[in-house]
1. Could you state the per residue volume, in Å³, of the convex hull enclosing the Cα atoms of the chain?
2. Quickly estimate the mean residue ellipticity at 222 nm for the chain, helices only: each DSSP H run with n ≥ 4 gives -39500 (n - 2.57), and the total goes over all residues, rounded to 500.
3. Given a 1.4 Å probe and every protein chain left where it sits, what share in percent of the accessible area of the range 101-241 is carbon and sulfur?
4. What's the magnitude of the charge dipole for the range 177-248 around its Cα centre, counting Lys and Arg as +1 and Asp and Glu as -1 at the beta-carbon? Answer in Debye, nearest 20.
5. So how far apart, in nm, are the two label points at ASP29 and ASN77 if each is 7 Å from Cα heading toward Cβ?
6. Tally Lys and Arg at +1 and Asp and Glu at -1 over the other residues with C-beta under 13 Å from the C-beta of PHE124: what net charge comes out?
7. Which value, in debye to the nearest 20, describes the size of the charge dipole of the chain about its Cα centre when Lys and Arg Cβ atoms bear +1, Asp and Glu Cβ atoms bear -1, and nothing else is charged?
8. Give the relative contact order (percent, whole number) for the range 169-246; include only Cα pairs under 8 Å separated by 6+ residues.
Amino acid sequence: MADAKIIDGKAFAEGLRNKVAQEVARLKDAHEHVPGLAVVLIGEDPASQVYVRNKGKQTIDAGMNSFEHKLSDEITNDELLTLIHGLNKDDKVNGILVQLPLPDHIDEARVLAAIDPAKDVDGFHVINVGKLATGDSSAMVPCTPLGCLMMLKDTLGDLTGKTALVLGRSNIVGKPMAQLLLGEHCTVTIAHSRTKDLPDVCRNADILIAAVGRPHMVKGDWIKPGAVVVDVGINRIDAPEKGEGKTRLVGDVDFDAASQVASAITPVPGGVGPMTIACLLRNTLVATCLQNDLDIPEI
Ligand code: GUN
């Protein structure tokens with residue numbers, strides 16, 4: 001197989017953000033609604049701080065209101081729940097996102113359950129998980145798998161009948177990804193660290209989604225020739241070739257080897273990563289329309 005097509009998530013995300021911005025402008029003109037997204041960040045985790053800063057900037061660039069709540073990791077469960085109840089009631093807030101992971105003393109399940117499902121732009125509330133599983137089109141769909149699906153459909157068109165392998169079973173990516181692919185009529189397998197004969201299982205897949213968080217775990221000879229590979233992993237590894245103490249980001253897939261076998265592949269960085277925030281903006285727009293009984297734009 002010749003070199004795979006590189007799926008440009010950065011360009012795709014920019015296109016999606018532009019479409020969201022156009023719809024936001026239309027919403028303002030026609031209905032005087034400005035969608036608002038509240039992001040709650042607890043503690044000082046540097047990676048989470050970068051994500052939240054980027055979310056805030058891109059929300060404003062799309063013409064939406066951004067409300068940031070940066071809290072000390074001393075906050076109690078009750079204080080956090082009080083904040084969420086306030087955001088649920090606030091008409092200016094259409095979307096609520098609590099950045100994960102949370103500190104150990106915070107009860108994640110209780111916090112996610114406290115978010116109004118209509119404002120749950122992450123799609124983590126059990127109501128939205130259930131809606132996605134039952135094919136209810138009003139589900140808020142988790143952003144990272146939604147971004148993966150958009151790129152897959154753009155690359156392959158109709159996914160009906162394709163064999164899809166989702167490597168990873170997290171609530172944030174693996175499980176919702178499998179539901180989305182089922183909804184597209186794929187034959188879906190979920191594999192994980194304890195799957196037997198994993199390379200063979202992977203070799204059967206027309207579509208391979210890697211979301212395990214292990215650098216370069218998926219080797220070139222695990223991939224079916226001509227498969228489409230979507231790499232969700234963002235792993236920081238040492239890069240002595242760049243100089244002492246330097247690091248670089250790599251995915252869960254051995255990109256150089258895989259791109260000799262696959263027909264198309266997402267790079268890391270610049271693949272799935274930029275799509276997550278673009279889909280968050282899309283979900284905030286969709287949530288605003290649903291809350292106000294307005295038509296949902298086709299994006
Ligand atoms: N942490 C890593 N990814 C995500 C995400 O998609 N949403 C939230 N809330 N936290 C995250």
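1. On the way: hull volume 41.2 nm³, N = 299.
Residue-normalised Cα hull volume stands at 138 Å³.
2. Details: 10 runs with 121 residues, N = 299.
The helix contribution divided over the chain gives -12500 deg cm²/dmol.
3. Numbers: 3320 of 6500 Å².
Carbon with sulfur: 51 percent of the solvent-accessible area.
4. On the way: 10 positive and 9 negative charges, 40 e Å.
Once rounded to the nearest 20, the dipole reads 200 debye.
5. Simple spin-label model gives 4.9 nm for this pair.
6. Values: positive: ARG110, LYS119, LYS131, LYS175; negative: GLU108, ASP116, ASP120, ASP122.
Taking every other residue near PHE124 into account, the sum is 0.
7. In debye, rounded to 20, the chain gives about 520.
8. On the way: 73 pairs, mean separation 18.2, N = 78.
Once normalised by length, the contact order is 23 percent.
The values are calculated or read from the model by the stated rules, or taken from the named source; none is laboratory data. Everything numeric in this text was worked out from a predicted model, so none of it was measured. Neighbour counts are summed over all protein chains in view; Cβ atoms, including those assigned to glycine, are modelled from backbone coordinates with ideal geometry. All accessible areas refer to the heavy atoms of the entire protein, side chains included, with ligands and DNA or RNA removed. Shrake-Rupley method; radii C 1.70, N 1.55, O 1.52, S 1.80 Å.
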